[in-house]
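What follows is calculated from the coordinates using simple rules that are stated; it is not laboratory data. Not measured: the values here are computed from a predicted model. A quick note on method: Cβ atoms are made from the backbone with ideal geometry, for glycine too, and the neighbour counts reach across all protein chains shown.
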Amino acid sequence: MNSNDSAHINSKMEKTIEAFNIAISTVRTGRASTSLIDSLEIEVYGQKMPLQQIATLSTPDPTLINIQVWDKNNIDAIMKAIQTSDLGINPSNDSDFIKVPIPPLTEERRKELAKKIKTIAEESKISLRNIRRQSIDAIKNAKKNSEVSEDDESILTNKLEKSTKEFITKIENISTKKQNELLEM
């Protein structure tokens, strides 16, 4: 175990934070955001593709997402994918555009989405703990193979614990902010 290993571990933890941010960006907050639907998988050309690869998305106002479809033959597939998603939104077809109005969320739906955010946060924290566990195992193996001293083992383990706590706190802060944003509306 050396500083390169430590940087690699931090890099893995940063990627967990990035994945968490991406996952919660798809949770609807009552405000129009293209991130709600841009990665929605659409069945076109015999394969599934993210919506952002077959259309241009925009938000002309806080309650509407416009989808300008590049190939008009894909309109029905896009409409179906949006309707069958768990977002609870209903698109309308305007020949050149698909309009996706974002209705205000009910109190019940807000609470459901807040729970979903908590669940995603918990899964991310579990990922961080798994990275920590694997790293601790690697440190113990290095100690067993006399690659690190007992003092170094202790120092590396303490650094790892501190780093893990910092990343878990980041996830908790992001999660709390998103939940508050959701429940304040």
Quiz item: region 1-60: Rg/Rh from Cα coordinates, Kirkwood Rh?
Solution: 1.19
Exercise. Would you please report the Å³ per residue occupied by the convex hull of the alpha carbon atoms in the chain?
Key: 135
Quiz item: Are there trypsin sites (Lys or Arg not before Pro) in region 7-86 that DSSP puts in a loop and that have at most 16 other Cβ atoms within 10 Å, and which ones?
Solution: ARG31
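Mind scanning LYS12/LYS159; LYS48/LYS165; LYS48/LYS177; LYS15/LYS178 and naming the pairs with a C-alpha gap bigger than 27 Å?
Numbers: LYS12/LYS159 15 Å; LYS48/LYS165 38 Å; LYS48/LYS177 33 Å; LYS15/LYS178 19 Å.
Violating the 27 Å Cα-Cα cut-off are LYS48/LYS165; LYS48/LYS177.
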Practice problem: Quote the Stokes-Einstein diffusion coefficient, in whole µm² s⁻¹, for region 63-143, based on the Kirkwood radius over alpha carbon pairs, a temperature of 25 °C and a viscosity of 0.890 mPa s. | Solution: 150
Quiz item: When only DSSP loop residues count, what chymotrypsin sites (Phe, Trp or Tyr not before Pro) in region 1-99 have their Cβ near at most 13 other Cβ atoms within 10 Å?
Solution: TYR45, TRP70
Self-check item: region 113-164 - Rg and Dmax from Cα coordinates, angstrom
Solution: 14.8, 50
Practice problem: Could you tell me what percent of the DSSP beta bridges with both partners in the chain are antiparallel, to the nearest 5? | Solution: 100
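Return the loop-located GluC sites (Glu not before Pro) in region 104-149 (DSSP other than H, G, I, E, B) with at most 14 other Cβ atoms within 10 Å of their own Cβ; answer none if there are none.
On the way: sites: GLU107, GLU108, GLU112, GLU122, GLU123, GLU147; in loops: GLU147.
Within region 104-149, the qualifying GluC sites (Glu not before Pro) (loop, at most 14 other Cβ atoms within 10 Å) are GLU147.
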